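Each remark here refers to the structure printed beneath this line.
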Amino acid sequence: MSNSSLLFFTAVNAKYHQFVLPFIWFAAQFNHDSAFEILFTDEISNEVENGVKYLKECLPISDILLRKINTNIVPQKLRFLETPTYNSTYTYISDIDILICESILDFHKNNLIDNCYHNVIRGYCNKHTLMSRITFL
């Protein structure tokens, strides 16, 4: 099991399998002491499994866990309800369809609320205060 500083934790269904490899590739380029744990609500495709094997060979990251979960809970909710199996100092619960192109650890560590979590307020809605669906713990 991982004992990294940072765990990227997310969940996907078949519609989002295409984002798994780019998500890992980009995040790993800038966050070297990290691990990845990705939950799948359907079968993990051979394409994704083979791609992860390749990424483990060419990236400075070897801790990548693809985990199948039998549930009817949608991935957007599942990632907040399921407990990661990897150990890490911090966990970044994220959407899968974003590209992380910078080191995120120091920024989020320095902005923890009550020494517990960091989330970003969405600024595009003037009637409601909405939080992003990306959370740093």
**Study point:** Efficiency of FRET from Cβ geometry, Asn72 and Asn3, R₀ 30 Å, rounded to 0.05
**Key:** 0.40
Exercise for review: Evaluate the relative contact order of the stretch 1-60 (contact order divided by residue number), counting alpha-carbon pairs under 8 angstrom at least 6 apart; express in whole percent.
Suggested key: 47
Point to revise | Net charge of Cβ neighbours under 12 Å - reference Leu7; Lys, Arg +1; Asp, Glu -1 | key: -2
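Readers should treat all values here as calculations from the given coordinates under stated rules, not as data from a laboratory. Note that the coordinates shown come from a computational prediction; the quantities given were computed from them, not determined experimentally. Cβ atoms come from the backbone with ideal geometry, glycine included; neighbour counts cover every protein chain shown.
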